[in-house]
Each structure stands twice: as C-alpha cells, then as structure tokens.
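K.L.:
Once you've had a glance at the structure underneath, I'll fire off some questions.
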Amino acid sequence: MVARQALDLPMSSHDRAPLRFSWNNPDFRAIAYQIVVVGLAALMAYYLVSNTLHNLATRNIATGFAFLEREAGFAIGESLIEYSPSDTYARAILVGLANTLRVSAVALVLATVLGVIVGIARLSGNWLIVRLASAYVELIRNVPLLLQLLIWYAVIGELLPSPKAAFHPLAGIYLSNRGMLMPSVDGPAVAGILWGLVLAAAAIVAVARRQRASRRRTGAPSRLWPFALLVLVLLPAAGWLAGGREFHLSMPRHSGFNFEGGWALSPELFALLIGLVTYTAGFIAEIVRAGVQSVSHGQWEAAQTLGLPRSRVLRLVILPQALRVIVPPTTSQYLNLVKNSSLAVAIGYPDLVSVVNTVLNQTGQAIEGVLIIMAAFMTVSLAVSLLMNWYNKRIALVER
Amino acid sequence: MSTTIPTERSALRAPARVRAGLMTRLRQSLFQSPASAVLTILTLWFLLMLAPPLVQWLLVKASFQAPDAQACREAGGACWAFIREKYRLILFGTYPHAEQWRPLLATALLVASIVWTATRRLAGLQIAGLWVFTIVAVATLMWGGFLNLAFVENTRWGGLPLTLILSTFGIAFAFPIGILLALGRRSRMPAIKAMCVAYIELMRGVPLISLLFMSSVMLPLFLPEGFSIDKLLRAQLAIILFAAAYIAEIVRGGLQAIPKGQYEGAESIGLGYWQQTRKIVLPQALKVVIPPLVSTFIALFKDTSLVVIIGIFDLTQAAKAALSDPAWTGFGVEAYLFIGLIYFVFCYSISRYSRSLERDLKR
C-alpha cells in the first residue's frame, strides 16, 4: 500500500481503513458524542414535557389552541381592524399583531430617514452640526430604550398642555397630553387616488429601467421627469374621478374639552413612535457614518478631480459603495426595531405581546400564548431578513 | 558667490504659522457654503429658542428643597426635592433602611472589580481570584445571615445593586455558555451543529421581553410540583440564556477570523481538539472580539431594565415605585431623568473604555 501511495496511484476501496468500533477512530467518537448529547437533550425534554403535562392536568388547564375560539371579554385601546369585547381571542391577537406591524412599519421608515440624515450630519464639515449630531447619538445609545419610552410618555402626559390649550405648530396639527392630531382625508375618492399613486410609481419604475437599458445600448440620453410628472398627475386624477370626486379633508377643530375631526394618534402610540424612531435612528446614524467612512478617500479625490460637486460625489460614487457596508448591520437594526416594539407593553399600547399577555393571564394557557408570540416574531424577523438579503445581493459588487 | 547655510538653531527662522486664526477656522467650518451657513444659523436659532426655557425648567425655577409636593409644583420648575426625598428608594429599593450601607458597599465592590479587571494588568488566575472574592463578598453583604449581619431575603433587594448584579453575573455566566455554543455551531458533527444553530437563531429571533415572560410564567410549569425557583433567579436565568446566544455569534465571528494555518499547525504538533481550542484558538479569537463583547455588556446593562415587566425591583422599577406614592405624583420626568443620568454615566464610561481598548489593540 505504501508503494502505491509513493507512486501516486489511486487508492481503491479495498485499501480504505475498515470501520473500527474503537475510541481511536474519530468518526466513531463523533457518532458516540452525538448520540450522548442527543440522548441527554431528549431525556431533558422528556422530563420537562412530563412535568408540564402533569402540572397542566393538576391545574385543569387544557392543552391545544381551542381556547382561541372563546369570547375575549376585554377591550383593546386602539385597533386597525374592527374589534369588540365579544369577539374571539383569535381576533384580539390579530388586532395586537396589526398594531405591532403598523408601529414597526412606520417606525422603520422614519428611523431610516432620520438615521441617514444624522449619519451624514456627523460627516459634514460644519463643527456645530457635527457636535450636535454626536451628542444626539451618544445620548440615545447610552440610555435604555425602556427608559426612553417612559420618559417620552411622561413628557407627553405631564408636560404637554391639555387639549384646550394644545400646541399648534402647523396648520391642522395639534399636540396635547391626549396625543397628536393631524388632518385626515376620507371619502371614496381616497382609495382611487392611492391606487393611482401606486400605479404611477410602478409605471415610473418600469419606464426608468427601460430607459436605463436603452441608454446603455445606444448611448443616447433620455429624460425621465416629463413622463414621471405626467403620470403622477394623471393617474391619481383618474382615480379621483373614478371614486366619484368625493374627497373630504377633515381638519381637527376644538369642540368642548376635546377635538373633533382629523386623525388622532393616542399618547401611547405617539410616545412609542417617537421613542422607537429616535432610538433606532441613533444606531443607524452610526452605521451610515461607518459605511461612508469605509469608502477609501481616493474615491472622493478622484470624483472631485472629475469636477463633481460634493452632493453628486456622495450620491453617485460614495453611497453605492458605502451601501454594501451599511446594509447588513442595518438589517439587524430593523430586526431589533421589530423586537423592541414589544416594549409597548410597558406604556400601555396594545401590541402583540401586550394582548397575548392579557390572554395568557385570563386563560392560563401559558405555553400556547408564548408559542404564538415566538411564531409571530420569528415570521416577521424572517420576512425582514429575506427582504434585506435580497436587497443586499442586488447591491453587492459583481467582481471578476 | 557662495551662501552659507546657517546651522545654529538661533540663526534658523521659525517655521511659518500654518494653523489659521480662530475667525478663519470658524468661517471655514461653520460658513463654508451657503447651505452650511443657513444650517448654522438655523441651528443656532433653534438652540437659542430651546436653551433658555430648558435651563429655566431644569435649574432656575427648580426647587431643590420643598416641604411637600404642592409647594414644588407651584414653583413651576423641575422638582428635584422629589429626588432628595426618594433617592434611597430609587437607588436601593426596599432594602431595610438601617442596612443600606451594605448594598452601597456591594455596589462599590462590583464597580471596583469591573474597573480593576478592565485595566488589564491582571493575569488570568488573578482575575478569577478577584471575581471569586467579589462574588462571595457581594453575596455575604446582600444576604447577610452571619458575621453579625441581619438576613435580608432577595425579594427586598432592588435598585442599582440589583441592576449591577443582574448584568455582571448575567454576562459572567453567559460567557462560557456562549463560547461552547459558538464552538458547537462550527463543529462538523451534524447533530450538535443543528442543536446549536436552532438555539442561537431562536434566542436571537425573539425579544427579551417574551423570554422574561416565558421564564416567569412557563418555568413553574416545567418544574415538578412543590419545587419553585425564586423570581430573581428566573429573571437571571432568562438573561443568561439570552446573552449566551449573542455572545455565541460574536465569538463565532472571532473564530472565523483565525487563519486555518493555526488549526493545522496545532494538529500537526499532535494537539487534540480541546487542547488546540483552549491553548491556540480561543486566546486569539477572544482577543479579537473584545470590543464587540464590551458593547454586548453595555447592551445587557441596558436590557436589565426590562425586568420591570415581571415586577423585579431594578432601577427602573424602583423609580416607578417612587412615583406611585400618592403624596408625590406627577414627577415622572424628574425621576426618569435621574435614573437616565445614572445609566448614561455607566454606559458612556464603558463605551469610552471600549474605544480606548480598540485603539490599544490595534497597535
């Protein structure tokens, strides 16, 4: 066998070492370890499950998800969908999930915008702006989020005036200790306008891609803005016409001790939004700053020798390269934001964890409740991860 | 004609001044472009509008001493008298009043141990010895029961010492578990790798709040009848298990950074798996990931504030308890700003330390 090895001849299956049930064989050891570890885990799982079943039986708690069909019997402060205390537990949990998704989606968008602004502010040459942005980031990152939420809630509840003397910074916007009011639109034409906007956006994206491809092919320049302007005006107008031209702008007005009209954000939702947005924006600002600083300085200098002004250098040369460094940590910050929205239970906003906690306390179905929470969060986390990974692949450098 | 080059220092001219004067620097930094100038003016205007009312509320109209809540409210500013009245409750929870020097000493011991470990002047064995001493001393001080100290059960612990205990022991015990999980995730044995991956992804995908709920609501169901774990221990367990998953990911990053040559070199001199891990791989991997580990400690310190949800008396809950006194209501902002300041001081110091550590390790 040694001779065959020395002559570099292929070894046939007859020359392989036979399987030895000996501790010296690493494969045998690996299998033995795995059997031991899996066995221990299975033993522990069996012990826990048998204890649980026994405890559940003693306390007369049924297992299974049948409790979801029972009547809920408790009210929920605010909900996107119709809900009354006579609805089922399942519907209550759905309301909680809708609230969580609503807060997460809005907070995600606002936090990204604010985070990018603060991150770029930290890189500007203006000493005052840099110091202000740095102070903001340091303050936000070193105080726990729960405490920030409690502070915002206390500020809104204690320091803002009552509705009669509400702050009125802009037309139609009122800030008081009962929350924030904004003008709202309603009427059948609103749906038409929204659909018109969505179709216009899709059309603009499609035409932009075709123009980019034709520019690459022929080299001839083309402009997008005339088409974009036309489509953005025509399609929503068509939607408005189709909706019967009924369109009401409802501005909030004082009436008695409170307001009527407009769209109200409860103090809980308002505090949660401000807290989540400012907190996540602080972390995103640091990520954006690190990303932009990771692009080598030679890129700035080369772009400036081409005569590009600073803003165009940032947009055309630096940001595409910086995005590759920015997107993965930003993904985990988005996931953190979704998980942090569960802190709403501390200030009384009825998100998923808060509603499931109430259900848990009322029915005693602890395990099913916890499983629901974990399943919901893992699904949302997975969805956000998949979306961001797709975006990450799109902006990745296609290297030789 | 030959010119002589002066060689004595006094004959040489001083170098030209390169650093511009203050006005030039201000102009270049604050007013470089029209947009920059507009931003500067807007920011200054905003600060000038915001600063005087803030200073008025915080300091000028604030009452540092007031007989009761009514007088404080009438003053119109921040009521720091409320903090004077309640600071012992906020800082030490419901620990018996006469014995509060004990949690104070325990806090000082913990902080001193952390600072001394951070100076990195101690060898491994000395660090272990220091921490064994600290754990024993803190346990003795907080629980008491012998050495002439009255026994204080842990339901009465609260405030700052509890926050420090939860976060320090959380990370101390999560550290070895995290290392084992990271090694398991990189293992070539499929069963172990699958279990480690499942655990890490599960723990990282759910919020800490749901884990705390689980530990306070589900753990009693898992245990046999009659056997109960104390609430503080349940919370500590949840924090340890949560932190272990995050530490595992960080250590995994460090393990990936070790070049394959190290593993091969270790194998070539006949070291077994555990020997090579202990002597070659881990020392290098851990050194690389010290900065992210420190930021995990900061995050854990902040996350201990979540135990307020299950009713444990940490710093945040103690503030809430102070606010629930009917004689002193409506001073939430003052109370939360006070503990916000405490958190800020701790976390900011740790993050400055982490930055200086990064600089030192780069060299």
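K.L.:
In the set B:I171, B:I229, B:I209, which member is away from chain A (no Cβ under 14 Å), of a type outside the set (K, R) and within 23 Å of B:D303 (Cβ to Cβ)?
P.N.:
Just one listed residue meets the conditions, B:I171.
K.L.:
Can you name the helices (runs of 4 or more DSSP H) wholly within the stretch B:27-96 that have at least 1 residues being polar (S, T, N, Q) and within 13 Å of another protein chain (Cβ to nearest Cβ)?
P.N.:
B:34-55
Yes/no per residue for (1) in contact with an Asp or Glu (Cβ under 7 Å, 6 or more places away or on another chain); (2) closer than 27 Å to A:A135 by Cα; (3) open to solvent by less than 40 Å² (accessible area, probe 1.4 Å); (4) hydrophobic (A, V, I, L, M, F, W, C):
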site: A:N258; (1), (2), (3), (4): no, no, no, no
site: A:S266; (1), (2), (3), (4): yes, no, yes, no
site: A:F270; (1), (2), (3), (4): no, yes, yes, yes
site: A:A281; (1), (2), (3), (4): no, yes, yes, yes
site: A:R289; (1), (2), (3), (4): no, yes, no, no
site: A:V292; (1), (2), (3), (4): no, yes, yes, yes
site: A:A302; (1), (2), (3), (4): no, no, no, yes
site: A:T305; (1), (2), (3), (4): no, no, no, no
site: A:P309; (1), (2), (3), (4): no, no, no, no
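K.L.:
Tell me yes or no: at least one residue of the stretch B:61-68 is out of contact with any Cys (no Cβ under 9 Å at 6 or more places or on another chain) and touching a residue at least 60 places away in the same chain (Cβ under 8 Å).
P.N.:
yes
K.L.:
Another question about this same structure. Confirm whether A:N361 is open to solvent by 10 Å² or more (accessible area, probe 1.4 Å) and over 25 Å from A:A281 (Cβ atoms).
P.N.:
yes
K.L.:
In the stretch A:91-117, which residues are open to solvent by 40 Å² or more (accessible area, probe 1.4 Å) and of a type outside the set (V, I, T)?
P.N.:
Answer for the stretch A:91-117, where residues must be open to solvent by 40 Å² or more (accessible area, probe 1.4 Å) and of a type outside the set (V, I, T): A:R91, A:L94, A:L97, A:L101, A:R102, A:A105, A:L110, A:L114.
K.L.:
Considering every residue within the stretch A:342-357, establish whether at least one is surrounded by fewer than 17 Cβ atoms within 10 Å (Cβ to Cβ), within 12 Å of chain B (Cβ to nearest Cβ) and part of a helix (DSSP H, G or I).
P.N.:
Among the residues of the stretch A:342-357, not one is surrounded by fewer than 17 Cβ atoms within 10 Å (Cβ to Cβ), within 12 Å of chain B (Cβ to nearest Cβ) and part of a helix (DSSP H, G or I), which makes the answer no.
K.L.:
Of A:S162, A:S214, which residue is among the hydroxyl-bearing types (S, T, Y) and open to solvent by 50 Å² or more (accessible area, probe 1.4 Å)? Talk me through it step by step, then tell me what you get.
P.N.:
On the way: A:S214 fails: open to solvent by 50 Å² or more (accessible area, probe 1.4 Å).
Sole residue among the options that is among the hydroxyl-bearing types (S, T, Y) and open to solvent by 50 Å² or more (accessible area, probe 1.4 Å): A:S162.
K.L.:
I want to confirm something. Restricting to the stretch A:137-165 and keeping residues that are away from chain B (no Cβ under 14 Å) and touching a residue at least 40 places away in the same chain (Cβ under 8 Å), which single residue is nearest to A:R289 (Cα to Cα)?
P.N.:
A:P163
K.L.:
Does the stretch B:321-333 include one or more residues that are free of Cβ contacts under 8 Å to residues at least 12 places away in the same chain and either in a helix (DSSP H, G or I) or within 13 Å of chain A (Cβ to nearest Cβ) (or both)? Break it down stepwise before answering.
P.N.:
Of the residues in the stretch B:321-333, the ones free of Cβ contacts under 8 Å to residues at least 12 places away in the same chain are B:324, B:326, B:332.
Among the residues that remain, those that are also either in a helix (DSSP H, G or I) or within 13 Å of chain A (Cβ to nearest Cβ) (or both) are: B:332.
Yes, the stretch B:321-333 contains a residue that is free of Cβ contacts under 8 Å to residues at least 12 places away in the same chain and either in a helix (DSSP H, G or I) or within 13 Å of chain A (Cβ to nearest Cβ) (or both).
K.L.:
I'd like the residue in the stretch A:217-238 that is open to solvent by 100 Å² or more (accessible area, probe 1.4 Å) and assigned to a loop (DSSP other than H, G, I, E, B) and, out of all such residues, is nearest to A:W195 (Cα to Cα).
P.N.:
Of everything passing the filter in the stretch A:217-238, A:R223 is nearest to A:W195 (Cα to Cα).
K.L.:
Quick check on my filter: what residues within the stretch B:300-309 are in contact (Cβ under 8 Å) with a residue 40 or more places away in the chain and either within 9 Å of another protein chain (Cβ to nearest Cβ) or out of contact with any helix residue (DSSP H, G or I) (no Cβ under 6 Å at 6 or more places or on another chain) (or both)?
P.N.:
Answer for the stretch B:300-309, where residues must be in contact (Cβ under 8 Å) with a residue 40 or more places away in the chain and either within 9 Å of another protein chain (Cβ to nearest Cβ) or out of contact with any helix residue (DSSP H, G or I) (no Cβ under 6 Å at 6 or more places or on another chain) (or both): B:F301, B:K302, B:D303, B:T304, B:S305, B:L306, B:I309.
K.L.:
Can you tell me how many residues in the stretch A:159-196 are at pLDDT 80 or above and assigned to a helix (DSSP H, G or I)?
P.N.:
Going through the stretch A:159-196 one residue at a time, the tally reaches 5.
K.L.:
Pairs, please: C-beta under 8 Å, at least 6 apart or cross-chain, first residue at negative phi and in the stretch B:222-247, second of a type in the set (D, E, K, R) and open to solvent by 70 Å² or more (accessible area, probe 1.4 Å)?
P.N.:
B:A245/B:R204; B:Y246/B:R204
K.L.:
Here's something else I'd like to know. I'd like the full set of residues that are exposed (fewer than 12 other Cβ atoms within 10 Å of the Cβ) and hydrophobic (A, V, I, L, M, F, W, C), limited to the stretch A:23-56.
P.N.:
Residues satisfying the conditions are A:W23, A:I35, A:V36, A:L40, A:A42, A:L43, A:M44, A:A45, A:V49.
K.L.:
Quickly run through the stretch B:310-320 and pick out the residues that are facing chain A (nearest Cβ under 10 Å) and open to solvent by 40 Å² or more (accessible area, probe 1.4 Å).
P.N.:
B:K320 - this is the single residue of the stretch B:310-320 that is facing chain A (nearest Cβ under 10 Å) and open to solvent by 40 Å² or more (accessible area, probe 1.4 Å).
K.L.:
In the stretch A:239-261, how many residues are in a strand (DSSP E or B) and of a type in the set (F, W, Y)?
P.N.:
So the answer is 1.
Each row is one residue, and each column tells you yes or no for (1) within 15 Å of the chain's Cα centre (by Cα); (2) among the polar types (S, T, N, Q); (3) more than 30 Å from A:G348 (Cα to Cα).
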site	(1), (2), (3)
B:R252	no, no, yes
B:L271	no, no, yes
B:A285	no, no, yes
B:T296	yes, yes, no
B:K302	yes, no, no
B:V308	no, no, no
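K.L.:
Shifting gears a bit: Considering only the stretch B:154-224, give the helices (runs of 4 or more DSSP H) lying wholly within it that have at least 1 residues that are at pLDDT 90 or above, open to solvent by 20 Å² or more (accessible area, probe 1.4 Å) and aromatic (F, W, Y). Working first, answer last.
P.N.:
Values: elements: B:159-185, B:190-205, B:208-217, B:219-222.
So the answer is B:159-185, B:190-205.
K.L.:
Only one of these is free of Cβ contacts under 8 Å to residues at least 24 places away in the same chain, buried (at least 19 other Cβ atoms within 10 Å of the Cβ), small (G, A, S) and in contact with a strand residue (DSSP E or B) (Cβ under 6 Å, 6 or more places away or on another chain): B:A75, B:A81. Name it.
P.N.:
B:A81
K.L.:
Out of the residues in the stretch B:270-289 that are open to solvent by 30 Å² or more (accessible area, probe 1.4 Å) and touching a helix residue (DSSP H, G or I) at 6+ places or on another chain (Cβ under 6 Å), which is farthest from B:V251 (Cα to Cα)?
P.N.:
B:I280
K.L.:
Something else about it: Quick one: would you say B:M23 is open to solvent by 70 Å² or more (accessible area, probe 1.4 Å) and either in contact with a helix residue (DSSP H, G or I) (Cβ under 6 Å, 6 or more places away or on another chain) or over 25 Å from A:Y136 (Cβ atoms) (or both)?
P.N.:
So B:M23 passes the test.
K.L.:
Checking the condition within 14 Å of chain B (Cβ to nearest Cβ), closer than 30 Å to A:W263 by Cα and touching a residue at least 40 places away in the same chain (Cβ under 8 Å), which residue from A:T100, A:T63 passes?
P.N.:
Just one listed residue meets the conditions, A:T100.
K.L.:
In addition: Read through the list (1) part of a loop (DSSP other than H, G, I, E, B); (2) crowded, with 22+ Cβ neighbours inside 10 Å, then give the number of the only condition that A:L147 fails.
P.N.:
The failed condition is (1).
K.L.:
Could I ask something else about it? Collect the residues in the stretch B:118-153 that are open to solvent by less than 90 Å² (accessible area, probe 1.4 Å) and modelled with pLDDT under 85, keeping them in residue-number order.
P.N.:
B:A118, B:T119, B:L122, B:A123, B:G124, B:I127, B:A128, B:G144, B:G145, B:L149, B:A150, B:V152
K.L.:
Moving on to the next point. In the stretch A:24-63, how many residues are assigned to a loop (DSSP other than H, G, I, E, B) and under 30 Å from B:G272 (Cα atoms)?
P.N.:
Number of matching residues: 2.
The values are calculated or read from the model by the stated rules, or taken from the named source; none is laboratory data. These numbers were taken from a predicted model, which means no experiment stands behind them. Methodologically, a virtual Cβ is constructed for each residue, glycine included, from the backbone with ideal geometry; neighbour enumeration extends over all protein chains shown. For accessibility, only protein heavy atoms count, side chains too; no ligands or nucleic acids. Shrake-Rupley method; radii C 1.70, N 1.55, O 1.52, S 1.80 Å.
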